[in-house]
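J.: Once you've had a glance at the structure underneath, I'll fire off some questions.
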Amino acid sequence: SQTIHQWPATLVQPVGSPLSLECTVEGTSNPNLYWYRQAAGRGLQLLFYSVGIGQISSEVPQNLSASRPQDRQFILSSKKLLLSDSGFYLCAWRDRGRSEQYFGPGTRLTVT
Amino acid sequence: AQSVSQHNHHVILSEAASLELGCNYSYGGTVNLFWYVQYPGQHLQLLLKYFSGDPLVKGIKGFEAEFIKSKFSFNLRKPSVQWSDTAEYFCAVIFGSASKIIFGSGTRLSIRP
């Protein structure tokens with residue numbers, strides 16, 4: 001069966017520090033991968049998605065970037081965090097042959 | 001622009017009350033429709049989905065949703081809610097053959113025991 005991992009689960013970082021959040025999927029190949037940010041009362045905002053290794057689509061201009069160095073690995077990064085980057089970050093995957101997405105446990109990021 | 005709207009931000013009900021959460025989208029073409037639920041402290045999980053066929057779809061835990069194409073709506077219903085239904089509910093849509101799902105802003109459901 002397929003599983004999705006995200007780490008770390010929680011992270012507290014000072015303003016101006018770098019960021020790297022990792023997401024890996026097991027039990028599937030060539031999935032679509034997604035990064036979302038969830039804010040209270042604002043739902044899930046799609047940040048990036050990838051349909052293959054090295055292929056990244058950015059949905060909103062921001063202080064973050066994403067990379068997909070391997071088929072089942074999706075990384076969310078920042079060179080210098082802002083206070084406004086605080087939030088709950090969710091990774092999701094989707095099988096090419098299906099439409100529904102499956103979500104990871106999320107990372108709670110607090111920028112201080 | 002393609003968008004998904006959930007007009008109820010917070011709904012409070014008593015146990016055994018009936019539930020209907022609204023979801024509307026803006027797009028005249030083919031859509032795939034979903035409802036996701038996030039229980040406190042848990043992952044987002046799929047509640048039900050509609051791709052084609054019978055517009056009334058049934059999901060887990062007694063939930064159902066009806067796709068009304070003429071109203072661009074996909075409302076979630078449950079005839080009798082339980083305290084354990086307390087959660088945040090998200091409507092989501094794939095527009096056409098897009099690779100991404102667009103989510104609504106979510107509805108927080110609180111059930112009074």
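The values are calculated or read from the model by the stated rules, or taken from the named source; none is laboratory data. Keep in mind the model is a prediction, meaning the values are calculated, not measured. Glycine gets a Cβ as well: all are built from the backbone with ideal geometry, and neighbour counts include every protein chain shown. Keep in mind that these areas ignore ligands, DNA and RNA; they rest on the heavy atoms of the full protein, side chains included. Shrake-Rupley method; radii C 1.70, N 1.55, O 1.52, S 1.80 Å.
J.: Which residues' amide hydrogens lie under 5 Å from the amide hydrogen of A:V15, considering only partners 5 or more residues apart or on another chain, with H built in the peptide plane?
T.: So A:V15 has HN proximity to A:T112.
J.: Using modelled amide H (1.01 Å from N, peptide plane; none on Pro or chain starts), what sits under 5 Å from the amide H of B:N75, excluding residues fewer than 5 places away?
T.: B:C23, B:E66, B:I68
J.: While we're looking at this one, here's another question. With a cut-off of at most 13 other beta carbons within 10 Å, and DSSP calling the residue loop, which trypsin sites (Lys or Arg not before Pro) in segment A:1-95 qualify? Please list them.
T.: Here the sparse-neighbourhood loop sites are A:R42, A:K79, A:K80.
J.: In whole Å, how far is the Cα centre of segment A:40-112 from that of segment B:22-75?
T.: Computed from Cα coordinates, the inter-centre distance equals 23 Å.
J.: Excluding same-chain pairs closer than 8 in sequence, count the lysine pairs in the protein assembly as shown whose Cα atoms lie under 23 Å apart.
T.: The result is 13.
J.: What total accessible area, in Å², is buried where chains B and A meet, using a 1.4 Å probe and rounding to the nearest 100?
T.: Using a 1.4 Å probe on protein heavy atoms, the buried area is about 1600 Å².
J.: Kirkwood-based Rg over Rh for chain B (C-alpha set), two decimals?
T.: Taking Rg over the Kirkwood Rh, I get 0.96.
J.: Just how large is the dipole of the protein assembly as shown about the Cα centre, in debye to the nearest 20, putting +1 at every Lys and Arg Cβ and -1 at every Asp and Glu Cβ?
T.: The dipole magnitude comes to about 220 debye.
J.: Please give, to one decimal in nm, the separation of the simple spin-label points placed at A:T3 and A:D71, each 7 Å out from Cα toward the Cβ.
T.: Modelled inter-label distance: 1.9 nm.
J.: What do you get for Rg/Rh of segment A:3-111 when both radii come from the Cα atoms and Rh is the Kirkwood radius?
T.: Details: Rg = 13.1 Å, Rh = 13.9 Å.
Rg/Rh for segment A:3-111 comes to 0.95.
J.: With every protein chain present, what accessible area does A:H5 have (1.4 Å probe, heavy atoms only), rounded to the nearest 10 Å²?
T.: Counting only protein heavy atoms, A:H5 exposes about 70 Å² to solvent.
J.: Where the accessible area of segment B:5-113 is counted over protein heavy atoms with a 1.4 Å probe, how much of it, in %, is carbon and sulfur?
T.: Whole-percent figure for carbon plus sulfur exposure: 53.
J.: Counting only protein heavy atoms and using a 1.4 Å probe, what share of the accessible area of segment A:3-111 belongs to carbon plus sulfur, as a whole percent?
T.: Carbon-and-sulfur percentage of accessible area, whole number: 52.
J.: Also, I was wondering about something else. Given a 1.4 Å probe, how much area per residue of segment A:5-47 is accessible, in Å²?
T.: With all protein chains present, segment A:5-47 gives 44 Å² per residue.
J.: Within segment A:15-40, name every residue whose backbone N is under 20 Å away from a label modeled 7 Å from Cα of A:K80 along the Cβ vector.
T.: From segment A:15-40, the list is A:15-21.
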